[in-house]
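**Student:** Can you read through this structure? Questions will come right after.
The values are calculated or read from the model by the stated rules, or taken from the named source; none is laboratory data. This structure is a prediction, so every number in the text was calculated from the model and none was measured. Cβ: placed from backbone, ideal geometry, glycine included. Neighbour counts: every protein chain shown.
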């Protein structure tokens, strides 16, 4: 299988985490013709990343790809067996994709500025407070689908706060969760390659002194 991606993309890193967890082999290519190009939108009409090529088929949208991988490669499982716990994992994943990540992304344009915009920063702070409560409902399993996006977004938040000279942003359950996740071998492997790329990307947005 082949993953169309760009190295620093949050959602591409999300999928790589799942693929590492499932011990899959894959190749990785940039979108043909570049992101949003006519050549790429001929394959993926929305032009979004990531996309996964499996044989003659292409699957777009990170959540659809994650569900496909979970169903086609069920071991090791990234969803619990209990139906209610599966629903809780999916709810946490939706919280990330529709609530937390958009607030993280809204601050991308503030990277390189002395301070983030107050309104956008406050919205992120509110989502992080909500995440504290959401994690209390996370099923007690080592790793699940929802973790893939959360781990990467929390890395973005950590690096953005650092770029603004702010203290580490997480406390309580969120801090414990991030620390526990980073101890997992497949998470450590992905962050080991992703963190330098993210650091370099942030440097390109930061004015030279």
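**Student:** Tally up the residues in region 151-168 that are in contact (Cβ under 8 Å) with a residue 24 or more places away in the chain and closer than 24 Å to residue 62 by Cβ, please.
**Tutor:** Number satisfying all stated conditions: 9.
**Student:** Given the conditions (1) buried (at least 21 other Cβ atoms within 10 Å of the Cβ); (2) touching a strand residue (DSSP E or B) at 6+ places or on another chain (Cβ under 9 Å); (3) within 18 Å of residue 152 (Cα to Cα), and given that residue 3 satisfies all but one, which numbered condition is not satisfied?
**Tutor:** So residue 3 meets the others, but not (1).
Residue-by-condition table, conditions (1) assigned to a helix (DSSP H, G or I); (2) touching a residue at least 12 places away in the same chain (Cβ under 8 Å); (3) touching a strand residue (DSSP E or B) at 6+ places or on another chain (Cβ under 7 Å); (4) under 27 Å from residue 6 (Cα atoms):
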| residue | (1), (2), (3), (4) |
| --- | --- |
| 146 | yes, yes, no, yes |
| 149 | yes, yes, no, yes |
| 173 | yes, yes, no, no |
| 192 | yes, no, no, yes |
| 196 | yes, no, no, yes |
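**Student:** Does region 188-203 contain any residue that is crowded, with 17+ Cβ neighbours inside 10 Å and under 26 Å from residue 133 (Cα atoms)? Even if it seems obvious, please write down each step before you answer.
**Tutor:** Keep residues of region 188-203 that are crowded, with 17+ Cβ neighbours inside 10 Å, which gives 190-191, 194, 198, 202.
Filter once more, so that each one left must be under 26 Å from residue 133 (Cα atoms): 191.
Scanning region 188-203, I find at least one residue that is crowded, with 17+ Cβ neighbours inside 10 Å and under 26 Å from residue 133 (Cα atoms), so the answer is yes.
**Student:** Can you tell me how many residues within region 158-178 are within 16 Å of the chain's Cα centre (by Cα) and more than 19 Å from residue 204 (Cβ to Cβ)?
**Tutor:** Counting residues in region 158-178 that are within 16 Å of the chain's Cα centre (by Cα) and more than 19 Å from residue 204 (Cβ to Cβ) gives 3.
**Student:** Here's a follow-up. When residues of region 84-119 are filtered for being more than 19 Å from the chain's Cα centre (by Cα), under 19 Å from residue 152 (Cβ atoms) and surrounded by fewer than 17 Cβ atoms within 10 Å (Cβ to Cβ), how many remain?
**Tutor:** So the count comes out to 0.
The rows are residues; the columns are (1) closer than 15 Å to residue 3 by Cβ; (2) assigned by TED's automatic domain parsing to the domain that holds residue 150; (3) surrounded by 16 or more Cβ atoms within 10 Å (Cβ to Cβ); (4) modelled with pLDDT of 95 or more.
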residue	(1), (2), (3), (4)
21	yes, no, yes, yes
24	yes, no, no, yes
33	no, no, no, no
38	no, no, no, no
47	no, no, yes, no
50	yes, no, yes, yes
54	yes, no, no, yes
59	yes, no, yes, yes
66	yes, no, yes, yes
